[in-house]
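Student: Right, I'll just put the structure down here and ask away after.
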Amino acid sequence: MTLPRHIAIIMDGNGRWATQKGLSRSEGHLAGAKTVEVLIKECLRHKIPHLSLYAFSTENWNRPQEEVDYLFELFCQFIKSELPLMLQEGIRFSMIGEKSKLPPSAQTALEHAISETKKGNNLELILAINYSGTQEILHAVRQSVSEILLQKEQKAYIQNLINDKKSSEDILSYLTSLFDDIHYTEQNLRNNLYLPDLPDPDFIIRTSGELRLSNFYLLQAAYSEFYFTDTLWPDFSARDFEKALLAYQNRKRRFGKIDEQLDQ
Ligand code: FPP
């Protein structure tokens, strides 16, 4: 049975679930948190090594302030209440997203859980909070380019070009040549993603019938398998997860090759 090593989930439909039941959106998110617990246990049971959960995108700041506040309260509570289970089960907690822009209490809770669980080696649980795939790529481009420009010799040389009042075309052409010299490749970019050692998601699940990626793992999803279900996130059960895993097992992943090459 081939299982995905890294499952990423876009947990969608908490609001609609609540509306259908005449409940508040917050109650929908609370029910969604219970599903998260179920999924973590299922991943442990199946020995899946990495689980990413898209909890809050950079676009989610546009929601009513009351909902945003509630979500952060829920994330903090969840991280604190799940810590004993994480330690007991060898879960390593990590996050992707721009942490520095989060409320200070959330930053503290996240940092605490990351440092307390760093030795966990059964399951890496990754929360995407204040995450955007576009921003992650931008971050990686900035970091990797800065690494090149910051090399001491380059810095001095660029300064000399500027002092010599070379034209901006000359300077640009020199900067471009730096990329050839160091053989700037996809790996330079990947080394500067939020979690460079994390394998790309093999399987991306989205609940609630929406058929889009919503800025999740844009670069890393290049060869991911997708699974969409109409089930709303709070209703997504262990059985639904089994069904999804079964669908994954029937996929043929070619990574751009042809069938004959895969058997070799
Ligand atoms: C999308 O549903 C859900 C979110 C933006 C928040 C995700 C949060 C949870 C699942 C709560 C608990 C999570 C953790 C990690 C404790 P939606 O509100 O967009 O639903 P709608 O599209 O039906 O309105």
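Throughout, read-outs are computed from the coordinates displayed, never taken from laboratory work. Quantities reported herein were computed from a predicted structural model and do not represent experimental measurements. Backbone-built Cβ (ideal geometry, glycine too); neighbour counts: all protein chains shown.
Student: FRET efficiency for Gln261 and Arg5, Cβ-Cβ distance as r, R0 = 22 Å, nearest 0.05?
Tutor: Efficiency, rounded to the nearest 0.05: 0.55.
Student: Ok, one more. To one decimal place, what orientation-averaged projected area in nm² is obtained for the convex hull of the Cα set of segment 79-139?
Tutor: Averaged projected hull area, Cα only: 4.3 nm².
Student: Over the alpha carbons of segment 175-248, what is the largest minus smallest coordinate on each principal axis, giving the biggest first in Å?
Tutor: Cα extents, longest axis first: 53, 20, 18 Å.
Student: Once you charge only the Cβ atoms, +1 for Lys and Arg and -1 for Asp and Glu, what is the size of the charge dipole of segment 188-264 about its Cα centre, to the nearest 20 debye?
Tutor: Computed about the Cα centre, the dipole is about 140 debye.
Student: Collect residues whose amide H, placed 1.01 Å from N in the peptide plane, falls under 5 Å from the amide H of Leu232; neighbours closer than 5 in sequence don't count.
Tutor: Distant-sequence amide H within range of Leu232: Ser208.
Student: So what's segment 109-179 giving for Rg/Rh, alpha carbon basis, Kirkwood Rh from the mean inverse pair distance?
Tutor: Expressed as Rg/Rh, it is 1.24.
Student: Would you mind getting me the FRET efficiency between Gln65 and Ala238? Use the beta-carbon distance for r and R0 = 30 Å, nearest 0.05.
Tutor: That pair, Gln65 with Ala238, gives E of 0.30.
Student: If I take the Cα coordinates of segment 1-80 and project them onto the principal axes, what are the three extents in Å, biggest first?
Tutor: Answer, in whole Å and largest first: 43, 27, 23 Å.
Student: Convert each backbone phi in segment 69-75 into a coupling constant with the Karplus relation 6.51 cos²θ - 1.76 cosθ + 1.60 (shift: θ = phi - 60°), then list the ³J(HN,Hα) values in order as whole Hz, x for Gly and Pro.
Tutor: Listing the rounded values in order: 4, 4, 4, 5, 4, 5, 4 Hz.
Student: Dividing the convex hull volume of the Cα atoms of segment 177-219 by its residue count, what figure in Å³ per residue is obtained?
Tutor: With only Cα atoms used, segment 177-219 gives 104 Å³ per residue.
Student: Something else: Picking from Ile204, Leu150, Tyr184, whose Cα lies most toward the positive end of the charge dipole for segment 121-213 (charges on Cβ: Lys, Arg +1; Asp, Glu -1)?
Tutor: The Cα lying farthest towards the positive end belongs to Leu150.
Student: Further question on the same structure: Work out from phi, with θ = phi - 60° and the Karplus expression 6.51 cos²θ - 1.76 cosθ + 1.60, the ³J(HN,Hα) of each residue of segment 52-67, listed in order in whole Hz, and give x for Gly and Pro.
Tutor: 9, 10, 7, 9, 7, 8, 4, 7, 5, 4, 6, 6, x, 3, 4, 5
Student: Calculate how steeply helix 238-249 sits against the longest principal axis of the alpha-carbon atoms of the chain, using the helix alpha-carbon long axis, and give the answer as 0 to 90 degrees to the nearest 10.
Tutor: 50
Student: With +1 on each Lys and Arg Cβ and -1 on each Asp and Glu Cβ, how big is the dipole of segment 128-264 about its Cα centre, in debye rounded to the nearest 20?
Tutor: Taking the Cα centre of segment 128-264 as origin, the dipole is about 180 debye.
Student: A further question on this structure: Which value results for Rg/Rh of segment 23-147 when Rg is the Cα radius of gyration and Rh the Kirkwood radius based on the inverse mean 1/r?
Tutor: 0.98
Student: Can you list the residues, at least 5 places off or on another chain, whose amide H is less than 5 Å from the amide H of Ser94, using H built in the peptide plane?
Tutor: It is Leu125, Ile126, Leu127, by chain and number.
Student: Still on this model: In nm, to one decimal, how far is the modelled label at Ser146 from the one at Asn191, with both set 7 Å along Cα→Cβ?
Tutor: 1.5
Student: Give or take rounding to whole Å, what are the principal axis extents of the alpha carbon atoms in the chain, in descending order?
Tutor: 70, 53, 35
Student: Show me the ranking of peptides 156-169, 56-69 by mean Cβ neighbours inside 10 Å, starting with the highest.
Tutor: 56-69, 156-169
Student: Output ³J(HN,Hα) for segment 91-105: one whole-Hz value per residue in order, computed from phi by the Karplus curve 6.51 cos²θ - 1.76 cosθ + 1.60 with θ = phi - 60°, and x for Gly and Pro.
Tutor: Running phi through 6.51 cos²θ - 1.76 cosθ + 1.60 with θ = phi - 60° gives 8, 9, 8, 8, 9, 10, x, 8, 5, 5, 8, 7, x, x, 5 Hz.
Student: For the chain, what is the calculated [θ] at 222 nm in deg cm²/dmol (nearest 500), taking -39500 (n - 2.57) for each run of four or more DSSP H residues and dividing by its residue count?
Tutor: -16000 deg cm²/dmol
Student: Based on the alpha carbon coordinates of segment 137-214, what radius of gyration and maximum Cα-Cα distance (Dmax) apply, in Å?
Tutor: According to the Cα coordinates of segment 137-214, Rg and Dmax are 18.4, 60 Å.
Student: Still on this structure, I have one more. If amide H atoms are built 1.01 Å from N in the plane of the peptide, which residues on other chains or at least 5 residues away come under 5 Å of the amide H of Glu225?
Tutor: It is Phe203, Ile204, by chain and number.
Student: DSSP beta bridges in the chain, what fraction antiparallel, as a percent rounded to 5?
Tutor: Bridges in the chain that DSSP calls antiparallel: roughly 0 percent.
Student: Further question on the same structure: Say R0 is 30 Å: what FRET efficiency, to the nearest 0.05, do Leu161 and Thr134 get from their beta-carbon distance?
Tutor: Step by step, r from the Cβ atoms, then E = 0.40.
Student: Right, something else. Antiparallel DSSP bridges in segment 1-147: what percent, to the nearest 5?
Tutor: The answer is about 0 percent antiparallel.
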